[in-house]
Every structure is written in C-alpha cells, then in structure tokens.
Amino acid sequence: MTVKHPIAILISGRGSNMRALIEACARPDYPARIALVLSNRADATGIEVARQAGLPTKIIESKPLGRNRLAHEEQVNAALEEAGVEVVCLAGYMRVLTPFLVGAWKGRMLNIHPSLLPAFPGLDTHERAIEAGMTRHGCTVHLVTDGVDEGPILGQAEVPVHPDDTPHGLAARVLEEEHRLYPATLATFLLNRAISAR
C-alpha cells in the first residue's frame, strides 16, 4: 500500500499546476495527499476548484497586511503546521518569500518555474527566451531557497522554440510540460525523502 504524504499547495490565481497535482494525488499509487490548498488572494479561482474537489482550503490575504510580509508568513506557517503538512508545493504563488518561511520549510518546499533555470529567473520568461533567440525553453521544479529561483534543481522539461513563436504559444506548450513535470518530480522527491529517512 502506497504511503500518502500530506502536502500543501500554495496558489495566488487559477492554479493550473494545482489541478495537475490534484489529479495525480487522486491516484491510489501516488505518494501524496493534499492536506491544504492555501491562497493569499480571496479572488483566486483555484480555491473554488480545490473546494469542488473536496479539499481543505484556506485564504490568508496578504493585501491587508501591506508590506508586513513576516506577519503574513507567520499566519501561513501556522496554517501549514496545523494541517500536518510535510511538503509545500508553490503553484503560481506570487509572493517573494522571506527567510522566515523559506527557513521553516528548508528542503521541504518546491516551486515550478517556467524556464530552464538558471536561465531566465523571475517574470516574463517566454518573452525573454524568444528575444534571446533561444532554440530550447521549458520549465524547472526546484527547491525554494532565499534567492529567487535559485534553489537546487529537481527536474526539468524542454520544448523547442519555433522561429515564428509568440510568447503566448510558447507559454501554452511549456504549461503542458509543467503539468507533467510537477507531479512526476514531486513523486520522486517524496519517495527519495522517505528512503533517506529510513
């Protein structure tokens, strides 16, 4: 019988990668279950998707706290601990994290980024890849560290960049790979973590 490790998914918007993880976690042989879906925005459409899937959800809005990122992260961390989470998956969570939350989940927080890191950290990755004349582009799952998109790489997937590509078309192809890569990489990460803990 597969051991299902409790994970949390943090979102800020529609949560398309969250949907891929929900589908994966629904499989009996997948080594994770979703203990919490948390958003920093009340209008994140992904929250309703999670609720319809019968998952525990929580909204901890960041906007009312203004620039006090630590106060927000303390509430987020408390919610993660209360849910009994082992691993956190960022899925379109549009917050630059402070050392507090990164440190609390060191080695246990994953993120997916739409480029082949270390190329193109940050935003507008598809536009930048086309402007740079890249022939290959893709996505990366990595551990979260204090540096933005600088953590150890756990998995990558590539797509070709066509001569007539637009940022929108390239983004759509990369997103398809993200939906495959994130669940597969998370499963490998959880299994390796379980083996090393024996």
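Sticking with the crude label model, points 7 Å out along Cα→Cβ, report the distance from E61 to K4 in nm, one decimal please.
3.3 nm
Give me I22, I153, I9 sorted ascending by neighbouring Cβ count inside 10 Å, so fewest comes first.
Least to most surrounded, the residues fall as I153, I22, I9.
Suppose every K and R has +1 on its Cβ and every D and E has -1 on its Cβ; what is the size of the dipole of segment 131-198 about the Cα centre, in Debye to the nearest 20? Intermediate values should be presented prior to the final figure.
Details: 5 positive and 10 negative charges, 103 e Å.
Rounded to the nearest 20 debye, it is 500 debye.
Counting only C-alpha contacts under 8 Å and six or more residues apart, can you give the relative contact order of segment 1-87 as a whole percent? Present the calculation step by step, with values, prior to reporting the outcome.
Details: 134 pairs, mean separation 28.3, N = 87.
Averaging sequence separation for qualifying contacts and normalising by length gives 33 percent for segment 1-87.
Please figure out what share of the DSSP beta bridges in the chain is antiparallel and state it in percent, rounded to the nearest 5.
Looking only at bridges with both residues in the chain, the antiparallel portion is about 40 percent.
Lys and Arg at +1, Asp and Glu at -1: add these up for the other residues within a Cβ distance under 12 Å of L65 and post the number.
Numbers: positive: K63, R67, R69, R95; negative: E61, E73, E74.
Overall, the nearby charge balance is +1.
Under 8 Å for C-alpha pairs, at least 6 residues apart: give me the relative contact order for the chain, rounded to a whole percent. Let's see the in-between values first.
Values: 362 pairs, mean separation 38.7, N = 198.
Computed value for the chain: 20 percent relative contact order.
Just to confirm the number: angle between the C-alpha axis of helix 16-25 and the first principal axis of the chain, 0 to 90 degrees, nearest 10?
Roughly 60 degrees, rounded to the nearest 10.
Counting just the Cα atoms, what span does segment 3-69 cover along each of its three principal axes? Round to the nearest Å and put the largest first.
The principal-axis extents, from largest down, are 42, 20, 17 Å.
Write down Rg/Rh for the chain, rounded to two decimals, with Rg from the C-alpha atoms and Rh from the Kirkwood relation over Cα pairs. Please report the intermediate quantities before stating the final value.
On the way: Rg = 16.6 Å, Rh = 17.2 Å.
Rg divided by Rh gives 0.96.
Quick one: Debye curve from the alpha-carbon atoms of segment 128-185 only, equal weights, vacuum; give me log10 I(q)/I(0) at q = 0.13, 0.14, 0.21, 0.26 Å⁻¹ to two decimals.
At q = 0.13, 0.14, 0.21, 0.26 Å⁻¹ the computed log10 ratios are -0.37, -0.42, -0.84, -1.04.
Determine the calculated [θ] at 222 nm for the chain from helices alone, applying -39500 (n - 2.57) to every DSSP H run no shorter than 4 residues and normalising by the residue count; nearest 500 deg cm²/dmol. The partial results should precede the final answer.
Details: 6 runs with 75 residues, N = 198.
Here the helix-only value at 222 nm equals -12000 deg cm²/dmol.
What's the Cα-based Rg to Rh of segment 83-198, Rh via Kirkwood?
Values: Rg = 15.0 Å, Rh = 14.9 Å.
My calculation puts Rg/Rh at 1.00.
Might you report the magnitude of the Cβ-based charge dipole of segment 17-163 about its Cα centre, with Lys and Arg at +1 and Asp and Glu at -1, to the nearest 20 debye? Write down the numbers at each step before the final one.
On the way: 14 positive and 17 negative charges, 36 e Å.
Approximately 180 debye in magnitude.
Roughly how many nanometres apart are two label points built 7 Å out from the Cα toward the Cβ at S16 and A119?
Between S16 and A119, the simple spin-label model gives 2.0 nm.
No value in this document is a laboratory result; all are computed from the given coordinates. These numbers come from a predicted model, not from an experiment. Cβ sites come from the backbone with ideal geometry, for glycine too, and all protein chains shown count toward neighbours.
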